[in-house]
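Structure first, then comments.
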Amino acid sequence: MDEKKMELLRTWVQESRRIVFFGGAGVSTESGIPDFRGVDGLYHQKFSEPPETIISHTYYQRKPSTFFEFYRTRMIYPNAKPNIAHEKLARWEREGRLLAVVTQNIDGLHQMAGSKNVFELHGSVHRNICRGCGKVYDLAAFMQMAHIPVCPACGGRVKPDVVLYEEALDGYTISGALDAIRRADLLIVAGTSLTVYPAAAFLDEYPGNRLVLINKTETKRDDIANLVLHEKLGDVFAQLP
């Protein structure tokens, strides 16, 4: 690991009071949750159709049985625990140096670690909403429901509160995330290939000169960053204050 780069990042973290962390699937892989394209990821699975097809709104409507089989077996990891990155970010928030977490993940690990101001761009497996009466169920209640989940109160289908392909991101969440990024004095982007839009374009809203990209491989936005580390996220965060 480049010690000069690490020393610069440590200095920036120590000097900052409005850190915003923008994270993707790579933040949770060290908690045992596979990303899309890894060896154990969603592309390496028994289903005959690609993930983008199965976890689309159209597929959810037309083939709910297969949709929920995929969802239950490949998108829910109830035993996953926060890793050092989640825990350190939560501590930074308690210390008053972290403004917000913006995440593309749906696993809820940031909140489990203690983070409060979290903008979940793609929703969360921990919220499940009845399409009939609007009642909200947590993950434990959802897991007890039938394969195609039905609301005990009204009989309506229960849909996970996750953003499927063909669905729009929540406007309030986007607004909050962009506001935080625009106010940041340090933006740390980690564990994401920055290929999913519109989320990848959020980086363009950062007005400062302390944009840090941490990813094991190169991203399409490396050229706009002020500091790039091609390292494991846990290894980097283990060396931060």
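Restricting to Cα atoms and excluding each atom paired with itself, what does the Kirkwood estimate give for the range 1-126 in Å? Result for the range 1-126 stands at 16.3 Å. For the chain, the solvent-accessible area works out to 47 Å² per residue, with a probe of 1.4 Å and every protein chain left in place.
Compactness ratio for the range 94-217: Cα radius of gyration over 2.2 N^0.38 Å (N = residue count) comes to 1.22.
The simple spin-label model puts a point 7 Å past each Cα toward its Cβ; for Glu3 and Thr217 those points are separated by 3.1 nm.
The amide H of Val162, built 1.01 Å from its N in the peptide plane, has Ser124 as neighbours under 5 Å, considering only residues 5 or more places off or on other chains. Ellipsoid fit via the Cα gyration tensor, the chain: semi-axes of 33, 19, 16 Å, each the root of five times an eigenvalue, largest first. Coupling constants for the range 220-227 follow from the phi torsions by the Karplus curve (6.51 cos²θ - 1.76 cosθ + 1.60, θ = phi - 60°), and in residue order they are 6, 10, 3, 5, 9, 7, 8, 8 Hz; glycine and proline get x.
Close amide H pairs (under 5 Å, H built 1.01 Å from N) link Val150 with Val158, residues at least 5 positions away or on another chain.
The values are calculated or read from the model by the stated rules, or taken from the named source; none is laboratory data. Everything quoted here is computed from the prediction, not taken from an experiment. Using ideal geometry, Cβ is built from the backbone for each residue, glycine included, and neighbour counts are taken over all protein chains shown. Keep in mind that these areas ignore ligands, DNA and RNA; they rest on the heavy atoms of the full protein, side chains included. Shrake-Rupley method; radii C 1.70, N 1.55, O 1.52, S 1.80 Å.
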